[in-house]
Amino acid sequence: MSSEPSTPMRVVSGIQPTGKPHLGNYLGAIVNYVALQDEAHAAGGDCFIFLADLHALSQPHSPADLTAATREMVATLVACGVDPAKTVLFNQAQVPAHAELQWLLNGTARMGWLNRMTQWKDKAGKNREGASVALFTYPVLQAADVLLYQATHVPVGEDQKQHLELARDIAQKFNNDFCREDAPLFTLPEPYIPPAAARIMSLRDGTAKMSKSDPSEMSRISLTDNPDTIMRKIKKAKTDPEPLPSEEAGLEGRAEALNLVTIYSALSGKSVGEVLADHGGQGFGVFKPALGELLIETLGPINARFAELSQDEEALDAILARGAAQARERGRPTLDATYEALGLVRG
Ligand code: TYM
């Protein structure tokens, strides 16, 4: 995918360093961080990938776990192929412009827009009064994250689509309210959602998304699971008693079967139709081990690199420090222009 010739390609995305990254994060987002990083690099564009540690404050958290998970997440991303020589890789906490721009955009974002966010409704549940303010204003920080770097492409899973639409609305309203028509300040970001793996589902419930916050470890494959664990989780994954159909239509109403076939398809690069042409008629006693092997083949090398990288805390901190210095530099023009557009006087 490429943007208009006159717009340099600017890829921006973030991931929360809470819990262990799982197969949904990998197939829904991380694979595309790497693909778009390489595409941007080849086209003379830029790629910014950050750990959304400020977003992690929206839910109860343990400070010590957050520090450890932040380093683990850098090691994971690099193990998956995010290359600090091609990508500006950093954590938000070291780039104050994210929080500053959020405040500047709070004047533009509307309460009604935030009230409609499904993630806010899901996560706050019935206890809205007891939810943190950060959980409510979280999407404005997410808008600041991408608008600060004038993102053109934002690789994310399906669950982030609504937040990206909000970022576009905020950008559009700010441009309308504070900029000349021929000189808009913010680029409208486009979500880049993988067609095949937009929403990887729980291994225990084909109607719930695979998630770090699911209390059951058996619901997800973590990127750092060893081969035995991977095979055990896949063999125990919930399915129905029917064999696989030979055509896609036969997966209708079979959410768990569809999820396993989708995972196989995303990992193998084959379409769902092709996977079914190869495996149609097989029972899960045969298909699950084949899927387990494919997962082990993909995640094995990532695991080995992760084990090596995570030994060296200093090297991981140095990657973040270098990335943060670059990000502070690259975000400054947009932040300055935002202060100016709003008429704020600075020395
Ligand atoms: P987070 O940390 O929950 O997830 C990181 C990325 O993984 C994708 N993802 C999935 N994709 C497919 N199937 C799944 N089951 C699945 N679970 C997660 C998410 O869509 C996401 O792309 N708010 C964001 C982080 C963020 C961000 C940003 C993203 C902060 N600022 C700016 C993009 C741009 C989040 O909590 O993602």
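Read the figures in this text as sums done on the coordinates, not as results from a lab. Just so it is clear, the structure is predicted and the values come from calculations on it, not from any experiment. Cβ coordinates were reconstructed from backbone atoms using ideal geometry, including for glycine residues, and neighbour counts include every protein chain displayed.
Key figures
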| read-out | value |
| --- | --- |
| Single residue of ALA167, ALA97, ALA171, ALA85 found to be among the aliphatic types (A, V, I, L, M) and in contact (Cβ under 8 Å) with a residue 60 or more places away in the chain | ALA97 |
| Residue in region 120-133 that is surrounded by fewer than 18 Cβ atoms within 10 Å (Cβ to Cβ) and touching a residue at least 24 places away in the same chain (Cβ under 8 Å) present | yes |
| Failed item in (1) closer than 28 Å to VAL78 by Cα; (2) among the β-branched types (Val, Ile, Thr); (3) out of contact with any Gly (no Cβ under 7 Å at 6 or more places or on another chain); (4) touching a residue at least 60 places away in the same chain (Cβ under 8 Å), with THR108 passing the rest | (1) |
| Output for region 75-106, where each listed residue is within 15 Å of the ligand (Cβ to nearest atom), in a helix (DSSP H, G or I) and touching a Ser or Thr at 6+ places or on another chain (Cβ under 7 Å) | LEU101 |
| Qualifying position, being surrounded by 13 or more Cβ atoms within 10 Å (Cβ to Cβ) and more than 27 Å from VAL11 (Cβ to Cβ), among GLU256, GLU252, GLU314 | GLU256 |
| Candidate set from region 284-324 (those that are of a type in the set (Gly, Ala, Ser) and under 15 Å from LYS233 (Cα atoms)); member that is farthest from the chain's Cα centre (by Cα) | GLY285 |
| Helices (runs of 4 or more DSSP H) completely within region 206-283 that count 3 or more residues being closer than 30 Å to MET73 by Cβ and more than 20 Å from the chain's Cα centre (by Cα) | 227-236, 255-268 |
| Candidate set: region 137-161, residues that are of a type in the set (Val, Ile, Thr) and near the ligand (Cβ under 6 Å from one of its atoms); chosen: the one farthest from the chain's Cα centre (by Cα) | VAL146 |
| Residues satisfying the stated conditions in region 318-347, i.e. of a type in the set (D, E, K, R), surrounded by 14 or more Cβ atoms within 10 Å (Cβ to Cβ) and touching a helix residue (DSSP H, G or I) at 6+ places or on another chain (Cβ under 9 Å) | ARG328 |
| Residue in region 134-151 that is surrounded by the most Cβ atoms within 10 Å (Cβ to Cβ), counting only those that are touching a strand residue (DSSP E or B) at 6+ places or on another chain (Cβ under 7 Å) and aliphatic (A, V, I, L, M) | VAL146 |
| Leading residue by the ranking (farthest from the chain's Cα centre (by Cα)) among those in region 12-34 that are hydrophobic (A, V, I, L, M, F, W, C) and not in a helix (DSSP H, G or I) | VAL12 |
| Region 162-183, residues that are away from the ligand (no atom under 16 Å from the Cβ) and either assigned to a helix (DSSP H, G or I) or aromatic (Phe, Trp, Tyr) (or both) | GLN172, LYS173, PHE174, ASN175, ASN176, ASP177, PHE178 |
| Pair list, Cβ under 8 Å, 6 or more apart: region 304-332 residue free of Cβ contacts under 8 Å to residues at least 24 places away in the same chain, other residue part of a helix (DSSP H, G or I) and among the aliphatic types (A, V, I, L, M) | ALA315/LEU309 |
| Single residue of region 190-246 satisfying the filter (of a type in the set (Lys, Arg) and either surrounded by fewer than 15 Cβ atoms within 10 Å (Cβ to Cβ) or farther than 21 Å from ALA29 by Cα (or both)) that is nearest to the ligand (Cβ to nearest atom) | ARG204 |
| Count of region 26-74 residues which are closer than 20 Å to GLU314 by Cα, within 14 Å of the ligand (Cβ to nearest atom), in contact with a helix residue (DSSP H, G or I) (Cβ under 7 Å, 6 or more places away or on another chain) and not aliphatic (A, V, I, L, M) | 2 |
